[in-house]
Amino acid sequence: MAIRYKHSDVYSMYFCTFTCCDWMPLFETTDAYDIVYNWFKILKEKYHADVVAYVIMPNHVHCILYFKEAGFDLNTIISNGKRFMAYKIIARLKEKNAIDTLKILASKLTAREKKKGQLHKVFKDSFDAKAIFSDKFLVQKLDYIHHNPVSGKWNLVNDFTNYEHSSASFYELGVVKHFMPLHYRDL
């Protein structure tokens, strides 16, 4: 059984990452970027949390979340978001008649998940969250998020500010593409 780590609500800002099952490019395959933007809106409306920065890659998401009030449960917030997104992604795969992908996602379930009635595994079980407690660490994570589309194997664009599903253009050029993050200087 996996050990669940409870993230403290003492810190108000977190760098979070969650990943599609087996690193499959499910956001790209289903054009599910809008589903993540909808989750960002839910974060604001339901949890009073702001998205400070983000990048939605073909198979994972990095974001910096800021909580104005203590008492939040980061594990619940992220798991509910992943569940919300998973239902939508599966629906899109069914619409596309992506039978092979659906079979792969069904084959990744554990016996326990099957017993609970889960039909597909869209995301890795865990997520990564690191508390941001210094300006230096915040700037490091902003840089990491914004350069992700041009780092390593990705090379999704020539200039990181041109990647459509990132807050980089907002920070570097003052241009909002899909979602208006809260600028960290406004905290």
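General remarks:
- Across segment 97-117, the number of residues qualifying as within 12 Å of CYS21 (Cα to Cα) and in a loop (DSSP other than H, G, I, E, B) comes to 2.
- For segment 150-183, a tally of residues being more than 20 Å from TYR37 (Cβ to Cβ) and either buried (at least 18 other Cβ atoms within 10 Å of the Cβ) or among the charged types (D, E, K, R) (or both) returns 2.
- Any chance ILE132 is surrounded by 13 or more Cβ atoms within 10 Å (Cβ to Cβ) and at pLDDT below 95: yes
- Remark: pairs (first residue in segment 71-87, over 23 Å from ALA131 (Cβ atoms); second residue modelled with pLDDT under 95; Cβ separation under 7 Å; 6+ apart in sequence or on different chains) are absent.
- Just one of the numbered conditions (1) modelled with pLDDT of 95 or more; (2) touching a strand residue (DSSP E or B) at 6+ places or on another chain (Cβ under 8 Å); (3) hydrophobic (A, V, I, L, M, F, W, C); (4) within 17 Å of LYS124 (Cα to Cα) is not true of MET24: (2).
- The test for being touching a His at 6+ places or on another chain (Cβ under 8 Å) and more than 25 Å from LYS177 (Cβ to Cβ) does not hold for ASN80.
- Subset of segment 118-164 (residues that are touching a Cys at 6+ places or on another chain (Cβ under 7 Å) and in a loop (DSSP other than H, G, I, E, B)): LYS121, VAL122, LYS124, PHE127
- Of the numbered criteria (1) part of a helix (DSSP H, G or I); (2) under 29 Å from VAL157 (Cα atoms); (3) among the hydroxyl-bearing types (Ser, Thr, Tyr), the one THR76 fails is (2).
- Taking segment 162-183 as the range and being closer than 20 Å to ASP31 by Cα and not hydrophobic (A, V, I, L, M, F, W, C) as the test, the residues that pass are ASN162, TYR163, GLU164, HIS165, SER166, SER167, LYS177, HIS178.
The values are calculated or read from the model by the stated rules, or taken from the named source; none is laboratory data. Because the structure is predicted, anything quoted here is derived from the model rather than measured. Using ideal geometry, Cβ is built from the backbone for each residue, glycine included, and neighbour counts are taken over all protein chains shown.
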